[in-house]
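A.B. asks: The structure under discussion is supplied below as structure tokens; questions concerning it will follow.
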Number of protein chains: 2
Amino acid sequence: MDPNSSQRASVTVADVARKAGVSKATAARVLGGYGTVSDRVRDAVTVAARALDYRPNELARSMTTGRSGTIGVVVGDIENPFFSLAVRGITDIARQAGFTVILINSGEDVSAEKAAIRTLVAKRVDGLIVSPAKESDVEHLREAARSGRPLALLDRGSEAFEVDTVIADDRHAAAGITRQLIELGHRRIAYITACDTPDRVFHTPNDINTGSVRRRVEGFLDTCREAGLPAMERWVYMGAVTPEQTRQIAKRMLEGKNRPTAVIASDSVIGLEIFKTSRLIGLAIPQELSLISFHDADWTAVTSPPVTVVRQPVYQLGETAAKLLVERLNGNDTAPRKVVLRTEVVERASVARLLED
Amino acid sequence: MDPNSSQRASVTVADVARKAGVSKATAARVLGGYGTVSDRVRDAVTVAARALDYRPNELARSMTTGRSGTIGVVVGDIENPFFSLAVRGITDIARQAGFTVILINSGEDVSAEKAAIRTLVAKRVDGLIVSPAKESDVEHLREAARSGRPLALLDRGSEAFEVDTVIADDRHAAAGITRQLIELGHRRIAYITACDTPDRVFHTPNDINTGSVRRRVEGFLDTCREAGLPAMERWVYMGAVTPEQTRQIAKRMLEGKNRPTAVIASDSVIGLEIFKTSRLIGLAIPQELSLISFHDADWTAVTSPPVTVVRQPVYQLGETAAKLLVERLNGNDTAPRKVVLRTEVVERASVARLLED
DNA sequence: TTGAAAGCGTTACCAC
DNA sequence: GTGGTAACGCTTTCAA
């Protein structure tokens, strides 16, 4: 009815041009901030635009320029503090570089990840940051990369896939804490992760599709082997996907008579459940059970005892991935780079020498 | 050079149509899944599309349809577990309804929030979910809403602003825990929040721009007044924005000779720092200091003692906001709804009766 | 059921 | 400097 008050249809450059008494092309120049215009005209257009409350349509702009000013990010689970911190790093850098972030959760599910990437590509994001659910299944990523859209991998690389990648030195970190536990006399050391196999039994590191976790388990097993502890495969517990599942696994694991004397938790969400469970069943940390967790989550410092953790530079992980991507977006066309960020063990009080067995 | 291998330019409906030997319109019909086509033609087009590896351009699609299939979300800080959980709720519902989420951090800064909304509107999101940094400063939100884009407010309403809103019963929750503390004999009760004023001194609840926090402080002060504790305004501590700042405030607060005997932390990030600080300066919880925190963060259950908290239905907060928005997007045109979700006090062991003073 | 052509709101090229 | 106009890739009348 009243096209003035209920401004359903948004005002366009054409409207502004008409009001300012110039051509569409000229109005577009000042509104888009490109080309050259006289000061007089610039002012006229600016005034008209303000009067009409002109808002550029980025969609149309993207259509013609081919760039959307958007970075697509696919992570496993934004609820996990690891990812929310990494995403914070990504968005900070992205915004700084003038990009908007579209975020999609994969729920660590490959088919969801594929759908997410299809959506993102359809929306014509300028680049992608992905933490692949399975590093063995990256054909969709290859394809996205081949389509000319820069791609950066976060936290999980793929050795057979040459793209910009930012990971932590997981293998080294795992080896380090494993060695430490062994030196303290531990022999029955468990590693527990959310990763899973169809039969929920761990056979070889190749069973593990999540790059970062596979590297950690390799570090764990290799170190055990070097120390003369063979066949530690049976101490790798899988399927700790939800807190509930983790609790069940932890209970079974810790209540058995041949229970581990030390546990390595693959992330802080798992670490928390191990901590809760050990308390629940009355297993004293660190006297009866040593615990080391990956990810220096905030709570790990305030428990009694505080938990020894592998501190990963999570924010920087995200930051770096975004930086690499932005460089590509700005035309950098060099060979793919693999960045490995250093971790650090934060010694607290959840680890103790094994007294006797 | 070789337009076949390096498929820079993406394949369009026109390409598919040509290959299938039909018109652009027909190809578009089967590719877009609308209108009616014969089975023969449908197959031909489908085959051609697959052969060419056609990927729809959502941008172009949005241009003509006017809808982008996108929801814009603006939160204070994705790093805060409160928001990451709420965002999880939003994205789950959004994906289920076929929408993608664009996420922007405001850093609790109004001007950043304004910029975010401008960006989102420019990208022609179909709807917006915002947790406004300042509820007094919502003109940009009003405007976004007026432009015909549905808007839902998350966790922070604005009483003078009629839009779909989802909040928790913060006032009631704050009143409840305050009453409980008073009944336990506490008189010097502190409330500590990230909200801030220019002079960092609290005068009246109107100083507080964050809706949820203002309601809590009102509940706190009202209850104190009713209980015959006047002028409790001086026990409201502001400016706990970063963990570092919080630590400083906590130290000053807890080391003074007239220190509080009970502290209410406005969120779990603050609660954690209070906990750390009290331990650092050797103040026993709950014997020497009672602590109640808003937000049932995972760590609160595992400290010694575990922390009594106000459990907010955070995931549902996000979920509900998304649901309201999706309904609007599907044409619901009824009056704005204000949903208030119930909180619940989880009694743990960080609160004790005040022995003597 | 199919095709031709007119948009959608920009940018970008090319004359003037 | 400025204006006309052709893209961009899709949807959507309107005829045939």
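A.B. asks: Select, from A:Asp333, A:Asp298, the only residue that is closer than 30 Å to A:Arg67 by Cβ and open to solvent by 10 Å² or more (accessible area, probe 1.4 Å). It would help to see each step written out before you state the result.
C.D. replies: Details: A:Asp298 fails: closer than 30 Å to A:Arg67 by Cβ.
Exactly one residue qualifies, and that residue is A:Asp333.
A.B. asks: Is the range B:143-164 home to any residue that is within 14 Å of chain A (Cβ to nearest Cβ), over 29 Å from B:Leu254 (Cα atoms) and of a type in the set (Asp, Glu)? Even if it seems obvious, please write down each step before you answer.
C.D. replies: If we filter the range B:143-164 for residues that are within 14 Å of chain A (Cβ to nearest Cβ), which is where we start, we get B:143-150.
Checking the rest, the ones that are also over 29 Å from B:Leu254 (Cα atoms) come to B:143-150.
Subsequent filtering for residues that are of a type in the set (Asp, Glu) retains B:143.
Within the range B:143-164, one or more residues are within 14 Å of chain A (Cβ to nearest Cβ), over 29 Å from B:Leu254 (Cα atoms) and of a type in the set (Asp, Glu).
A.B. asks: Within the range A:48-57, which residues are more than 8 Å from chain B (Cβ to nearest Cβ) and open to solvent by 60 Å² or more (accessible area, probe 1.4 Å)? Show your work before the answer.
C.D. replies: Step one: of the range A:48-57, the residues more than 8 Å from chain B (Cβ to nearest Cβ) are A:48-54.
Within the range A:48-57, A:Arg50, A:Ala51 meet the criteria.
A.B. asks: For the range B:23-60, give me the residue count where each residue is within 9 Å of DNA strand C (Cβ to nearest atom) and among the charged types (D, E, K, R).
C.D. replies: Result for the range B:23-60: 5.
A.B. asks: Then there's this: Collect the residues in the range B:245-281 that are at pLDDT 95 or above and of a type in the set (Gly, Ala, Ser), keeping them in residue-number order.
C.D. replies: B:Ala250, B:Ala262, B:Ala265, B:Ser266, B:Ser268, B:Gly271, B:Ser278 - these are the residues of the range B:245-281 that are at pLDDT 95 or above and of a type in the set (Gly, Ala, Ser).
A.B. asks: Pull out all pairs, ordered by first then second residue, where Cβ-Cβ is under 6 Å, the residues are six or more apart or on different chains, the first lies in the range B:207-227 and is farther than 16 Å from B:Leu154 by Cα, and the second is among the polar types (S, T, N, Q) and surrounded by fewer than 19 Cβ atoms within 10 Å (Cβ to Cβ).
C.D. replies: Pairs found: B:Asp207/B:Thr197.
A.B. asks: Counting only residues that are open to solvent by 60 Å² or more (accessible area, probe 1.4 Å) and more than 9 Å from DNA strand D (Cβ to nearest atom), which one in the range A:21-45 is farthest from the chain's Cα centre (by Cα)?
C.D. replies: In this case the residue turns out to be A:Asp43.
A.B. asks: Ok, one more. Out of all the residues in the range A:33-47, is one or more within 8 Å of another protein chain (Cβ to nearest Cβ) and of a type outside the set (D, E, K, R)?
C.D. replies: At the first step, the residues of the range A:33-47 found to be within 8 Å of another protein chain (Cβ to nearest Cβ) are none.
Looking through the range A:33-47, none of the residues is within 8 Å of another protein chain (Cβ to nearest Cβ) and of a type outside the set (D, E, K, R).
A.B. asks: Pairs under 9 Å by beta carbon, first residue over 16 Å from A:Arg61 (Cα atoms) and outside any helix (DSSP H, G or I) in the range A:26-43, partner within 8 Å of DNA strand C (Cβ to nearest atom) and open to solvent by 60 Å² or more (accessible area, probe 1.4 Å), six or more apart or different chains?
C.D. replies: A:Thr36/A:Arg29; A:Val37/A:Arg29
A.B. asks: Looking only at the range B:61-85, count every residue that is more than 7 Å from chain A (Cβ to nearest Cβ), away from DNA strand C (no atom under 12 Å from the Cβ) and either touching a Phe, Trp or Tyr at 6+ places or on another chain (Cβ under 7 Å) or free of Cβ contacts under 8 Å to residues at least 40 places away in the same chain (or both) and tell me the total.
C.D. replies: Going through the range B:61-85 one residue at a time, the tally reaches 6.
A.B. asks: Something else now. Can you report the number of residues in the range A:188-201 which are at pLDDT 95 or above and either more than 24 Å from the chain's Cα centre (by Cα) or on the phi > 0 side of the Ramachandran plot (or both)?
C.D. replies: 3
A.B. asks: For the range B:249-315, please list each of the strands (runs of 3 or more DSSP E) lying entirely inside it that holds at least 2 residues being small (Gly, Ala, Ser) and more than 14 Å from chain A (Cβ to nearest Cβ). Break it down stepwise before answering.
C.D. replies: On the way: elements: B:262-265, B:290-294, B:308-311.
Where strands (runs of 3 or more DSSP E) fall fully within the range B:249-315, none carries at least 2 residues being small (Gly, Ala, Ser) and more than 14 Å from chain A (Cβ to nearest Cβ).
A.B. asks: Can you name the condition, by its number, that B:Arg18 falls short on among (1) within 10 Å of chain A (Cβ to nearest Cβ); (2) within 13 Å of DNA strand D (Cβ to nearest atom)?
C.D. replies: If we test B:Arg18 against (1) within 10 Å of chain A (Cβ to nearest Cβ); (2) within 13 Å of DNA strand D (Cβ to nearest atom), just (1) comes out false.
A.B. asks: Do you know which residues across the range A:195-235 are buried (at least 22 other Cβ atoms within 10 Å of the Cβ) and outside any helix (DSSP H, G or I)?
C.D. replies: A:Cys195, A:Phe202, A:Ile208, A:Thr210
The values are calculated or read from the model by the stated rules, or taken from the named source; none is laboratory data. What you see is a predicted model, and the numbers here were worked out from it, not measured in a lab. All Cβ positions, glycine included, derive from the backbone under ideal geometry; neighbour counts span all protein chains shown. Remember, those area values only see protein heavy atoms, side chains included, never the ligands or the DNA or RNA. Shrake-Rupley method; radii C 1.70, N 1.55, O 1.52, S 1.80 Å.
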